[in-house]
Every structure is written in C-alpha cells, then in structure tokens.
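Here the structure is laid out as structure tokens; the discussion comes afterwards.
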Amino acid sequence: VQLQASGGGTVQAGGSLRLSCAASERIFGQYAMGWFRQAPGKEREFVAALRWSGAGIWYADSVKGRFTISRDNAKATVYLQMSSLKPEDTAVYYCAAGTPIISSIRRASSYGYWGQGTQVTVSS
C-alpha cells in the first residue's frame with residue numbers, strides 16, 4: 001500500500017484547507033485510515049481516523065468541531081477538511097493506513113503504512 005498526501009499550504013488563521021490521501025490500492029476490511037501531524041520539536045500526534053468499512057470516526061479533542069475526516073471508497077481516498085484553522089495547527093500532516101484495534105486507533109505505532117507528509121502553515 002502506498003499513500004500519497006496532498007493539499008497542504010499556507011493559510012491565514014480562520015481559513016480552511018482540505019487534505020487528500022490517495023491509496024495505491026483499494027483498502028477494504030479492517031483497515032483504518034488516520035491523519036497525524038508533527039510540529040517542529042514535537043512528537044507526532046493523532047488528528048483523526050476512520051475505518052474503510054463500517055462505522056467509526058475518531059478525532060483529537062484539539063480538532064473536534066473544526067476538522068472533518070471522510071472517505072471516497074471508489075477513489076480509495078481519504079480527506080481531511082480543516083476549518084477555523086489556528087496557528088497551533090501548523091505542522092506536517094501525514095496520512096497512515098493500518099489495522100489497529102479500536103483502543104489503539106490513536107497510536108501512530110498502530111499504523112504500518114505512511115504517506116510522505118504535507119506541510120500546513122497557519123499564519124496569525
């Protein structure tokens with residue numbers, strides 16, 4: 001599985017961006033797709049995740065109500081719609097795929113496949 005993330009850029013605080021993550025093959029079954037981010041000098045942190053099949057969407061508290069994760073099964077693509085962006089959202093954003101159990105869905109170590117990262121910069 002190869003993942004290609006895109007859609008990053010520079011935006012002013014309060015603005016919006018949509019990130020995309022295209023998978024090289026269709027992912028079905030128990031795979032989950034996650035978005036993580038890493039700011040300079042900080043550890044990679046969970047942002048949002050969903051499962052390709054069935055219900056289940058998870059968000060970090062820091063983005064809940066502002067970010068929306070969604071998927072297009074036909075395109076094997078996951079999106080992260082980011083609104084009301086804040087300077088503290090500035091980071092490199094990574095998409096990931098894996099088969100984590102529900103209790104581990106927020107852990108980066110639960111994902112075996114990673115995209116290359118896309119930079120999001122929010123200016124104040």
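Ignoring solvent entirely, what values of log10 I(q)/I(0) come out of the Debye formula for the stretch 84-124 at 0.18, 0.26 Å⁻¹ when each Cα is a single scatterer?
Rounded to two decimals, the profile gives -0.62, -0.84.
Can you compute the radius of gyration and Dmax for the stretch 32-89, using only the Cα atoms, both in Å?
Using the Cα atoms of the stretch 32-89, the pair Rg, Dmax is 12.0, 37 Å.
Within the stretch 11-108, report the chymotrypsin sites (Phe, Trp or Tyr not before Pro) that DSSP leaves as loop and that have at most 15 other Cβ atoms within 10 Å.
Those that pass, being in a loop and sparsely packed, are PHE28.
Once the dipole of the chain is set up with Lys and Arg at +1 and Asp and Glu at -1 on Cβ about the Cα centre, which of LEU85, GLY9, MET33 lies farthest towards its positive end?
My answer, from the dipole projection, is MET33.
Give me the net charge of ILE27's neighbourhood, meaning all other residues with Cβ under 13 Å from the Cβ of ILE27; Lys, Arg count +1, Asp, Glu -1.
Neighbour charge sum, excluding ILE27 itself: +2.
Computed from the coordinates by the stated procedures, all read-outs in this text should not be read as laboratory data. Treat the numbers as computed from the prediction; the structure is a model and nothing was measured. Cβ atoms come from the backbone with ideal geometry, glycine included; neighbour counts cover every protein chain shown.
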